[in-house]
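Read-outs throughout are calculated quantities, based only on the coordinates presented, and are distinct from any laboratory measurement. Note that this is a predicted model, so its numbers are computed, not measured. We place every Cβ from the backbone using ideal geometry, glycine too, and count neighbours over all the protein chains shown.
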Amino acid sequence: MRKIIPYLYLIFGIIILVDGFTSFFKDKETYRILFNWYTENKYIFLLIKIVIAFAFLSFGYKRYKQSKI
């Protein structure tokens, strides 16, 4: 299980990025950031999605490096 968790973090981070960019290129009235948080500005939406995805990717990378040791 310890060897699977880094990959799950990395996959989840990539999914968040792909979802963020596909929603960014669609014109919508509101963008759903997380759970019940919404914004009307698509640039803020993309910025928050990138920050969240970067956090998951960095956690996954750190766990991956630890599992290799």
Rounded to 10°, Cα long-axis angle of helix 5-24 versus longest principal axis of the chain: 20
Helix-derived mean residue ellipticity, 222 nm - over the chain, DSSP H n ≥ 4, -39500 (n - 2.57), to 500: -24000 deg cm²/dmol
Length-normalised contact order of the chain in % [C-alpha pairs under 8 Å, at least 6 apart]: 48
Cut-off of 10 Å, at most 14 other beta carbons, DSSP loop: longest stretch of the chain lacking such chymotrypsin sites (Phe, Trp or Tyr not before Pro): 36-69
Tilt relative to the chain, helix 42-68 - C-alpha long axis, 0 to 90 degrees, to 10: 0
DSSP-loop trypsin sites (Lys or Arg not before Pro) across segment 11-56, with at most 16 other Cβ within 10 angstrom: Lys26, Lys28
15 Å beta-carbon shell around Thr30, net charge (K/R +1, D/E -1): +2
